[in-house]
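The values are calculated or read from the model by the stated rules, or taken from the named source; none is laboratory data. Keep in mind that this is a model prediction, so the values were computed, not measured. We place every Cβ from the backbone using ideal geometry, glycine too, and count neighbours over all the protein chains shown. All accessible areas refer to the heavy atoms of the entire protein, side chains included, with ligands and DNA or RNA removed. Shrake-Rupley method; radii C 1.70, N 1.55, O 1.52, S 1.80 Å.
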Amino acid sequence: MNVLLWVLQGLLAAMFAMAGVMKTTQPIDKLSGTLPYAKDLAPGTVRLIGAVELAAALGLILPAVTGIAVVLTPLAAVGLAVVMALAGAFHLRRGEYSAIGMNAVLLILSVVVAWGRFGPYSF
């Protein structure tokens, strides 16, 4: 199970790092092509979402690898679960039903990592 949790942590970290870099570095006009909601939000909000995703991606891996403040790893997973729940509600309100499936998958994976790292497979 520990190996599975590491794989999930790596997968989540990679996905959220890519999304975070994209949201923090690309111009909003360019982002609007792949993320239609980006043009409807304030640019600062999009950048904040990207920064939160980047921080959580780092939090999933770095504390566990370094052995420093390892409680941050499951807390990062909880944070990502909250972000995904809010993202799902946001997309539901906007009628973007195709995006909700990915939000649900990432939410479930984040909850599994949080459960495992807080519970029986903590560091």
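Rundown of residues vs (1) touching a Pro at 6+ places or on another chain (Cβ under 9 Å); (2) of a type in the set (Gly, Ala, Ser); (3) farther than 30 Å from PHE123 by Cβ; (4) touching a residue at least 24 places away in the same chain (Cβ under 8 Å), yes/no style:
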position	(1), (2), (3), (4)
THR24	no, no, no, yes
LEU58	no, no, no, yes
ALA81	no, yes, no, yes
ARG94	yes, no, yes, yes
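Where residues in segment 41-54 are open to solvent by 40 Å² or more (accessible area, probe 1.4 Å) and in contact (Cβ under 8 Å) with a residue 24 or more places away in the chain, which of them is farthest from the chain's Cα centre (by Cα)?
Filtering segment 41-54 for residues open to solvent by 40 Å² or more (accessible area, probe 1.4 Å) gives 41-45, 47-49, 51-52, 54.
When the remaining residues are screened for being in contact (Cβ under 8 Å) with a residue 24 or more places away in the chain, the result is 47, 49, 51-52, 54.
Values: ARG47: 14, ILE49: 9, ALA51: 10, VAL52: 8, LEU54: 8 Å.
Looking at the filtered set, the residue picked out is ARG47.
Are any of the residues in segment 20-41 closer than 21 Å to ARG117 by Cβ, part of a helix (DSSP H, G or I) and not charged (D, E, K, R)?
Narrowing segment 20-41 to residues closer than 21 Å to ARG117 by Cβ: 20.
Still in the list and also part of a helix (DSSP H, G or I): 20.
Subsequent filtering for residues that are not charged (D, E, K, R) retains 20.
The answer is yes, given that some residue of segment 20-41 is closer than 21 Å to ARG117 by Cβ, part of a helix (DSSP H, G or I) and not charged (D, E, K, R).
List pairs: first residue in segment 97-123 and closer than 16 Å to LEU5 by Cβ and of a type outside the set (S, T, N, Q), second residue open to solvent by less than 30 Å² (accessible area, probe 1.4 Å) and modelled with pLDDT under 95 anywhere in the structure, Cβ distance under 7 angstrom, at least six positions apart or on different chains.
So the pair list comes out as PHE123/ALA64.
Within segment 15-29, can you find the residues that are at pLDDT 95 or above, open to solvent by 50 Å² or more (accessible area, probe 1.4 Å), over 15 Å from MET84 (Cα atoms) and not β-branched (Val, Ile, Thr)?
MET18, MET22, PRO27
Only one of these is hydrophobic (A, V, I, L, M, F, W, C) and either in contact with an Asp or Glu (Cβ under 9 Å, 6 or more places away or on another chain) or open to solvent by less than 70 Å² (accessible area, probe 1.4 Å) (or both): ILE100, ILE108, ILE68. Name it.
Values: ILE108 fails: either in contact with an Asp or Glu (Cβ under 9 Å, 6 or more places away or on another chain) or open to solvent by less than 70 Å² (accessible area, probe 1.4 Å) (or both); ILE68 fails: either in contact with an Asp or Glu (Cβ under 9 Å, 6 or more places away or on another chain) or open to solvent by less than 70 Å² (accessible area, probe 1.4 Å) (or both).
Only one candidate qualifies: ILE100.
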